[in-house]
Amino acid sequence: EYTGLGEGTLLAEVANLVEDPKPILGSFESTFLELPKPVLTTVMKKHQRYFPVVDPNSDELLPAFITVSNGPTDDEVVR
C-alpha cells in the first residue's frame, strides 16, 4: 500500500465511494506549484478526493493528479 503524502486513508475512502473504479490522470498548470505543497495537497485530497502525483526520486509535487471515476468515462470528454 502506497502511503506517500498520507494517501492510505484517501485510498480507503475512495474505494468505499465507487463500485467500478477507473483511474484518470489529470494535470494542472505548473504555475500553481508556486503555492505551498500543503495547500495544494489538502485541496486535492480533502475537497476533490484526488491523489497528488509526486516525483519518486525527489518527492517533489508534480503538476498532475489521479482521480477515480465510478464506471467508464469518455476519453474525448474527460481530458
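So which residues in the range 30-63 are touching a Leu at 6+ places or on another chain (Cβ under 7 Å) and of a type in the set (A, V, I, L, M, F, W, C)?
F32, L33, L40, F51, V53, V54, L61
Can you run down the residue pairs with Cβ atoms below 6 Å, 6 or more apart or on separate chains, where the first is in the range 50-79 and closer than 17 Å to L33 by Cα and the partner is open to solvent by 100 Å² or more (accessible area, probe 1.4 Å) and in a strand (DSSP E or B)?
Listed pairs, sorted by first residue: I66/P23; I66/L25.
Consider the range 24-79. How many of its residues are within 11 Å of the chain's Cα centre (by Cα), of a type in the set (G, A, S) and open to solvent by 50 Å² or more (accessible area, probe 1.4 Å)?
Residues in the range 24-79 being within 11 Å of the chain's Cα centre (by Cα), of a type in the set (G, A, S) and open to solvent by 50 Å² or more (accessible area, probe 1.4 Å): 1 in total.
The values are calculated or read from the model by the stated rules, or taken from the named source; none is laboratory data. Everything numeric here is computed off the predicted structure, so don't read it as measured data. Virtual Cβ from ideal backbone geometry, glycine too; neighbours counted across all protein chains shown. Surface areas here come from the heavy atoms of the whole protein model, side chains and all, with no ligands, DNA or RNA. Shrake-Rupley method; radii C 1.70, N 1.55, O 1.52, S 1.80 Å.
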